[in-house]
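Please treat every number below as a calculation from the coordinates, not as lab data. Since the structure is predicted, the reported quantities are computational estimates derived from the model, not experimental observations. A quick note on method: Cβ atoms are made from the backbone with ideal geometry, for glycine too, and the neighbour counts reach across all protein chains shown.
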Amino acid sequence: MIGAGRFAPSPSGDLHLGNLRTALLAWLFARTTGRAFALRVEDLDRVRPGAAERQLADLAALGLDWDGPVTWQSHRVDRHHAAIDRLTEAGLTYECYCTRREIQQSATAPHGPMGAYPGACRDLTDAERAVRRAEGRPAALRLRSGINEFEIADELHGRYRGLVDDFVLRRGDGTPAYNLAVVVDDAEQGIDQVVRGDDLLPSTPRQAYLAALLGFSAPRYVHVPLVLNHAGKRLAKRDGAVTLADRLALGETPGQIVALLADSLGYRAHSPAELLEVFRPESLPGQPWTFEPLGVVQYSGNP
Ligand code: GLU
């Protein structure tokens, strides 16, 4: 079986140039390595009506294509719950009644790593659990992690060690959590190459460890640099004309936008197909690309 890469946007709004560049890279990495390319809409959370359809239309307008039907994560929740059940049967989960506020306020567990869930609910007795249930507190389900850190290999970052705490598998409202859903979906969809923004690198040790617990092999990871604004912050909608619709409204063509993205990667090309001819994964710039959107109203201190 050939493997597959994927792009997995959350339909929380329109894709901006940073997201489009990551999508282009995911497509290039898959296609240059002979893999299929899948598209998965991660619609368990933060769904804005119509956003998924616009995201797919934007990707197609730039000339990206994908294999097979688009997967909607919300259609796979039975698979997510089945994986959670397997972990529970193996004694690898526990209910957590902590509110976000309680977690923020409690100091990190003694000797525990920074940012880790402090473990308040890890060793509750049945009686203590019954009290919390009787209070009507919604329970999230956490992983009973056997480790504090896990090492992954990333094609751009090399070996990367990061935190694995008792992270949430199922939220208090019953929805599968992102870290669980992404692992189950990638593995069950035959995804063996994950190209995504490097803001997700810190979550990757958790995901790779979870994959191992579920008996899945971890995909190859490529965490690509984000696009930054002139202030060095991650590009966002408020930075001005940053979506495809914004750029088209300024009179640019999809070909010019692909050319802009290709230029940021060090290539001259006006379509993904043209770029595929010349793209070499090992030459990917390791530095973030800074984008200055024209059409943004800039305040100048001078009269
Ligand atoms: N849906 C996630 C996002 O848009 C990306 C998940 C992933 O690529 O693993 O941030």
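Summary table below
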item	result
Amide H contacts under 5 Å for LEU169, placed H, 5+ residues apart	LEU141, ARG142, LEU143
Whether the range 12-152 is rounded, prolate or oblate, judged on the alpha carbon gyration tensor where a/c under 1.5 counts as rounded	prolate
Shape call, the range 222-291: gyration tensor on alpha carbons, a/c limit 1.5	oblate
Under Karplus coefficients 6.51, -1.76 and 1.60, residue-wise ³J(HN,Hα) of the range 173-182 in Hz, glycine/proline x	8, x, 7, x, 7, 3, 4, 6, 4, 5
222 nm mean residue ellipticity, helices alone, for the chain (DSSP H n ≥ 4; -39,500 (n - 2.57); rounded to 500)	-9500 deg cm²/dmol
Ranked list, fewest to most other Cβ atoms within 10 Å of each Cβ, for TRP72, TRP66	TRP72, TRP66
Cysteines, the chain, no other Cys beta-carbon under 4.7 Å	CYS98
Equivalent-ellipsoid semi-axes of the range 156-257, from the Cα gyration tensor, Å, largest first	32, 16, 15
Distance histogram in 10 Å bins (all Cα pairs of the range 91-242, percent per bin)	10, 33, 32, 20, 5, 0
Given charges at beta-carbon only (K, R positive; D, E negative), |dipole| of the range 21-100 in Debye	280
Debye log10 I(q)/I(0) for the chain, one point scatterer per Cα, at q = 0.07, 0.11, 0.12 Å⁻¹	-0.31, -0.74, -0.86
